[in-house]
Amino acid sequence: MRIFLDTADINEIREAARWGILSGVTTNPTLMMKSRGASHEAVIKEIATIVDGPISAETVSLDTAGMVEEGRRFARWHPNVVVKVPSTPNGWAAVKQLKTEGIRTNVTLCFSANQALFAALAGAYIISPFVGRLDDISEDGMQVVRDTVEIYRQHGLETLVLAASIRHPLHIIDAAKAGADIATVPFKVLELAARHPLTDKGIENFLKDWEKFKAEQH
Ligand code: G3P
């Protein structure tokens, strides 16, 4: 399973890229709002200088023609741009049109395996089931990821399953166990998942013992 960062914050992307584990980035209008006030195009282009992998940029049109027009514009920014459209009939129609033009799509705001199936049938490159937002309303968000992976495998559908709306480190493990191709993770969750107190304690003890070892050398 690949790890993407769910952010438009350049410093977070630089840091995760430094760790050597980052394969892509997803953005959305809320994440853009939290970034530093640069234009949409400038932010996406800057991300593309840091990460050599898919970078999702989200459309805001409600109609298919508008999504397609936005998608064409985003795709000109960089070859790694993937166009996000919502899980709606207009979104799936946009996926189908953009695919004929060689433009990859990420179908977002997916909350059911039916929506995931329809996105794949339309030709989506990525489907993004939102795990945390389903958990928030007392549904099992990860079950949508499991069902989607099973349906895609059973029917030979090539759309990549991206677990989105990841809220804590266990979501990353569960997404990997469910067979998701990608998890997109907020930086604060990535940091929580990266650390373990026994690793820190172990390093501290080894360094102390190494100093004692060196002091005893002749
Ligand atoms: O980027 C889409 C998704 O990951 C958003 O997550 O935390 O706003 O539900 P969240």
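We did not get these values from a lab; they are worked out from the coordinates using the rules stated. Just so we're clear, the structure is a prediction, and the values are computed from it rather than from any experiment. With ideal geometry, Cβ positions are generated from the backbone for all residues, glycine too; neighbour counts draw on all protein chains shown.
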Spelling it out for residue 110: with amide H atoms placed in the peptide plane at 1.01 Å from N, the residues 5 or more places away or on another chain with amide H under 5 Å from its amide H are 128, 130
Leading residue at positive end of dipole, the stretch 1-93 (Cβ point charges), from 59, 39, 49:
49
Taking the Cα centre of the stretch 84-218 as the origin, how large is its charge dipole in debye, to the nearest 20, when only Lys and Arg (+1) and Asp and Glu (-1) carry charge on their Cβ atoms?
280 debye
Round to the nearest 0.05 the FRET efficiency obtained for residue 18 and residue 210 when R0 = 25 Å and r is the Cβ-Cβ distance.
0.45
D (Stokes-Einstein, µm²/s), Kirkwood Cα radius, the chain, 0.890 mPa s at 25 °C:
134 µm²/s
Applying a 10 Å radius around every beta-carbon, put 53-64, 28-39 in order of their mean neighbour count, most first.
53-64, 28-39
With Cα springs under 10 Å, the Gaussian network model of the chain assigns the largest mean-square fluctuation among 19, 92, 77 to 19
Taking amide H atoms as placed 1.01 Å from N in the peptide plane, list the residues 5 or more away in sequence, or in a different chain, whose amide H sits under 5 Å from that of residue 82.
55, 56, 57
What's the local net charge at residue 164, with K and R +1, D and E -1, over the other residues with C-beta under 11 Å away?
+2
Report the extension gain between residue 62 and residue 143 in nm, rounded to one decimal, defined as 0.36 nm multiplied by the number of residues separating them, less their alpha carbon distance.
26.4 nm
Note, ³J(HN,Hα) from phi for the stretch 120-128, Karplus 6.51, -1.76, 1.60, rounded to Hz, x at Gly and Pro:
5, 5, 6, x, 5, 7, 9, 10, 10
If packing is taken as the mean number of other Cβ atoms within 10 Å per residue, what is the order of 67-76, 80-89, highest first?
80-89, 67-76
From zero up to wherever the largest Cα-Cα distance of the stretch 107-218 sits, split into 10 Å bins and tell me the percent of pairs in each.
14, 36, 20, 11, 9, 7, 3, 0
State the Cα centre-to-centre distance between the stretch 148-202 and the stretch 73-127 in whole Å.
21 Å
How large is ³J(HN,Hα), in whole Hz, for each residue of the stretch 142-155 in order, when computed from phi with the Karplus curve 6.51 cos²θ - 1.76 cosθ + 1.60 and θ = phi - 60°, using x for Gly and Pro?
5, 5, 5, 5, 4, 4, 5, 4, 5, 5, 4, 5, 4, 10
Nitroxide proxy distance, nm - points 7 Å out along Cα→Cβ at residue 33 and residue 170
2.9 nm
Taking the stretch 35-156 as the region of interest, what is the percent of Cα-Cα pairs per 10 angstrom bin, listed from the shortest bin to the one with the maximum distance?
14, 40, 34, 12, 0
Distance in nm between residue 203 and residue 10 label points, each 7 Å along Cα→Cβ, equals 2.8 nm
Arrange the peptides 184-193, 158-167, 132-141 so that the one whose residues have, on average, the most other Cβ atoms within 10 Å appears first.
158-167, 184-193, 132-141
